[in-house]
Amino acid sequence: MPSQSLPVQPMLDLRAQYATIREEVLAAVSKVFEDQAFVLGSEVAALEQEIAAYCRTPYAVACASGTDALILAMMALDIGPGDEVITVPYTFFATASSITRVGALPVFVDILDDTMNMDPDRLARVIAAHPKAKAVVPVHLFGACADMDPILDIAARHGLHVIEDSAQSIGAAYKGRMAGSMGVIGCFSFFPTKNLGGCGDGGIMTTSGPRLAKRLASLRVHGMDVKYYHDEIGINSRLDALQATILRVKLHHLDSWTRARQAVAARYIENLQPLGAAVKLPVAAAHPASHVYHQFVIRAADRDALRNRIEAAGIRTDMYYPLPLHLQKCFEYLGYKPGDLPVSEAASRECIALPIYPEMKLEAVDRVCAEITSHYN
Ligand SMILES: *Cc1c(COP(=O)(O)O)cnc(C)c1O
């Protein structure tokens with residue numbers, strides 16, 4: 001048995017990050033407390049401009065969570081009952097639940113085995129079989145963009161909107177374009193564990209359409225442009241000034257944090273490559289500069305045995321995702337069966353997420369890799 005005396009290696013360490021920005025964060029929130037203006041307002045407007053500039057889109061509209069960003073995006077595109085929206089089953093739940101929240105039906109398309117992102121060829125076949133489809137929601141999973149050119153092309157040929165679920169991929173690029181700048185709307189989450197995380201929930205939508213931006217901004221405040229006059233029914237999904245001011249502080253550090261994540265990922269890859277076929281490594285590692293490594297997910301045929309071994313050595317791991325969405329109980333009514341989306345199902349059986357965060361020491365990476373290597377030797 002490996003030594004039990006080593007400290008527990010967590011999946012991520014937000015306290016280590018806070019230690020590096022404590023003074024900046026406290027000064028920023030202190031100013032908001034002095035101002036006593038807590039919802040939307042100038043801090044949120046400033047964050048919106050900075051995120052728009054960062055993602056190279058003309059507009060950004062903040063809201064209360066990444067889930068709400070997806071819901072608001074669908075509302076703004078008039079997606080509702082009778083419509084279908086095509087997405088992947090290998091993602092966080094909110095990608096699909098947001099579709100049902102506006103009354104539409106999710107239709108699942110399988111992923112590619114290597115990138116674990118949406119398969120454009122399968123998408124073409126699913127679109128052909130679903131004339132009621134109104135939008136496609138590719139997910140930029142784990143920090144790497146989906147193969148957007150063919151997805152955008154197929155969607156455009158069939159007149160479908162493309163909404164990018166960019167919750168895990170702020171700062172990721174695809175052929176020089178930023179995540180969230182390629183579809184009609186990009187949806188981001190500021191959940192604390194995301195690459196740019198607040199101190200609570202938060203989200204933002206990016207778009208290049210001035211009318212869409214205006215409508216999103218209205219929908220998040222009850223569809224209200226002129227105070228107490230409602231032209232349509234929106235929701236209450238506003239971002240707090242406290243979150244915005246913290247996120248503005250953190251945004252300044254995001255690129256250096258991304259480079260640190262990439263260095264951790266590079267070390268994992270260097271250490272684990274000698275294991276050959278025993279573990280499948282993230283593929284977008286072929287273009288490291290564009291992958292922001294929200295997660296470092298490897299795949300192993302003997303996943304549970306490997307995971308037990310690593311965990312026994314005090315190293316925390318996770319599974320993203322243990323059950324694909326088409327097999328979730330709440331989606332039984334959609335009629336999918338095991339075997340319908342085999343690539344996603346295999347990924348669910350084989351995935352292990354390893355610790356990764358900007359402050360992770362390379363020696364800590366080596367410790368995780370030594371454990372994995374000894375499992376196979
Ligand atoms: C986190 C996440 C969301 C939801 O964001 P919240 O802010 O938690 O509501 C949506 N999609 C994906 C892929 C996510 O990882």
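The values are calculated or read from the model by the stated rules, or taken from the named source; none is laboratory data. These numbers were taken from a predicted model, which means no experiment stands behind them. We place every Cβ from the backbone using ideal geometry, glycine too, and count neighbours over all the protein chains shown. These area figures cover heavy atoms from the full protein model, side chains too; ligands, DNA and RNA do not enter into them. Shrake-Rupley method; radii C 1.70, N 1.55, O 1.52, S 1.80 Å.
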- Max mean-square fluctuation residue, GNM over the chain, Cα-Cα springs under 10 Å, options Asp83, Asp35, Asp366: Asp35
- Please compute the net charge surrounding Met360, taking Lys and Arg as +1 and Asp and Glu as -1 over other residues with Cβ under 14 Å from its Cβ. +3
- Task: From the C-alpha gyration tensor of region 280-356, pull out the three semi-axes of the equivalent ellipsoid (sqrt of 5λ each), sorted largest to smallest, in whole Å.
- Result: 25, 18, 11
- Given springs between every Cα pair under 10 Å in a Gaussian network model of the chain, which of Ile151, Ile86, Ile233 has the largest fluctuation? Ile233
- Please report the base-10 log of the normalised intensity I(q)/I(0) for region 1-56, using a Debye sum with one equal scatterer per alpha carbon and no solvent, at each q in 0.15, 0.28, 0.29 (1/Å). -0.69, -1.05, -1.06
- Message: With +1 assigned to the C-beta of every Lys and Arg and -1 to the C-beta of every Asp and Glu, and no other charges, what is the dipole magnitude of region 234-295 about the Cα centre in debye, to the nearest 20?
- Response: 60 debye
- Note on the structure: The alpha-carbon pair-distance distribution computed for region 219-377, with 5 angstrom bins and whole-percent values, is 2, 8, 13, 14, 13, 11, 11, 11, 8, 4, 3, 2, 1, 0
- Item | Around Arg309: net Lys/Arg minus Asp/Glu count, Cβ-Cβ under 12 Å | -2
- Which residue, Pro324, Pro342, Pro120, has the most motion in a Gaussian network model of the chain that connects Cα atoms within less than 10 Å? Pro342
- Query: For Met182, Met205, what's the largest-to-smallest order of accessible area, 1.4 Å probe?
  - Reply: Met182, Met205
- Mean projected area (nm²) from the convex hull of Cα positions in region 237-304 is 7.0 nm²
- Query: In a shell of Cβ-Cβ distance under 13 Å around Ala76, excluding Ala76 itself, what net charge do Lys and Arg (+1) and Asp and Glu (-1) give?
  - Reply: +2
- Item | Positive-end extreme of charge dipole, region 1-111 - chosen from Ser5, Ala73, Ala52 (charges on Cβ) | Ser5
- Accessible area of His222, 1.4 Å probe, to the nearest 10 Å²? 80 Å²
- Mean shadow area of the chain, taken as a quarter of the surface of its Cα convex hull (nm²): 19.2 nm²
- Largest to smallest accessible area among Lys337, Lys175 [probe 1.4 Å]: Lys175, Lys337
- Where does the chain land at 222 nm, in deg cm²/dmol rounded to the nearest 500, when only DSSP H runs of n ≥ 4 count, each adding -39500 (n - 2.57), divided by all residues? -13000 deg cm²/dmol
- Note on the structure: Taking every C-alpha to C-alpha distance in region 1-154 and binning by 5 Å from 0, the per-bin percentages run 2, 8, 12, 13, 16, 14, 11, 9, 8, 5, 3, 0
- Task: Give me the accessible area of Met75, 1.4 Å probe, in Å² rounded to the nearest 10.
- Result: 40 Å²
- Message: Let's see if you can work this out: charge +1 on each Lys and Arg Cβ, -1 on each Asp and Glu Cβ, no other charges. What is the dipole magnitude of the chain about its Cα centre, in debye to the nearest 20?
- Response: 80 debye
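With all pairs of different alpha carbon atoms counted, what Kirkwood hydrodynamic radius in Å does region 199-278 show?
16.4 Å
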- Query: Accessible surface of Leu212 in the full protein assembly, 1.4 angstrom probe, to the nearest 10 Å²?
  - Reply: 30 Å²
